[in-house]
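Taken together, the values in this text are just the output of simple stated rules run on the coordinates, not laboratory data. Just so we're clear, the structure is a prediction, and the values are computed from it rather than from any experiment. Glycine gets a Cβ as well: all are built from the backbone with ideal geometry, and neighbour counts include every protein chain shown.
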Amino acid sequence: MTPRYIAIEGPIGAGKSTLAKKLAEDLNARLILESIEENPFLPEFYKDRRKHALKTQILFLINRYQQQKELLQQDLFANTVVCDYLFSKDRIFAAVNLTKDELFIYEKIYSLLDTQLPKPDLVVFLQASIDVLKKHIKQRGLAYEKAIGSSYLEELCEAYNRFFFSYAETPLLTVNISDLDFVKNKTDYENLLREILSTKRGNRHYLSIGK
């Protein structure tokens, strides 16, 4: 049976939104995309992470909460929902960017909000090499992302891997896309789609056929 609520995750440039859009179209699902542009602090954050981290993170947390809260006001079982982020991933960025004191405050707020939100039936975690991430970031050409350095991407990837290594909130499918092209290669996409729609549960890793 098709998961009713699918969340796509991965570091910056992993292809979350691209995969979410393709899945939503093929599954005739409701698509939920993170509203990155609604955080006016993001360009400042990439210029000076330390100075602008807390306000950027708190606003992301609030925006994501409000967006996820809307799901509770609708019938999740009427249509499949595909979202290009997982609410709890907010903690990954908080752990990377906030000081110890800031993180203490953040976690207090997060714990109040998280218990009120629905959990996905499946999380798809997209892993990729730093070179692939940088390539994707360059291709989409967002001005404020030009300030993203390799060191930050490496730190972020390590944080993502740690987070999902012990992740147990929902079923998880980990996919390394470094040798996949689910945009241009139809076979790659169809094989990945088949695995996503599989009835297998628990935490599993997808190995691309023939790669």
For LYS100, counting only lysines whose alpha-carbon sits under 27 Å away and dropping same-chain residues fewer than eight positions off, the answer is LYS47, LYS51, LYS55, LYS89, LYS108
What chymotrypsin sites (Phe, Trp or Tyr not before Pro) does the range 76-118 have in DSSP loop regions with at most 12 other beta carbons within 10 Å? PHE77
Low-density loop positions, GluC sites (Glu not before Pro), the range 134-199 - DSSP coil, at most 15 other Cβ in 10 Å: GLU169
Once you have the Cα-Cα distance between LEU207 and ARG30, take 0.36 nm times their residue separation minus that, and quote the gain in nm to one decimal. 61.0 nm
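Treating only the Cβ of Lys, Arg, Asp and Glu as charged (+1, +1, -1, -1), what charge dipole size does the chain show about its Cα centre? Round to the nearest 20 debye.
Working: 30 positive and 28 negative charges, 40 e Å.
It comes to approximately 200 debye.
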Can you give the calculated 222 nm mean residue ellipticity of the chain, where each DSSP H run of n ≥ 4 adds -39,500 (n - 2.57) and the sum is split over every residue, rounded to the nearest 500 deg cm²/dmol? -15500 deg cm²/dmol
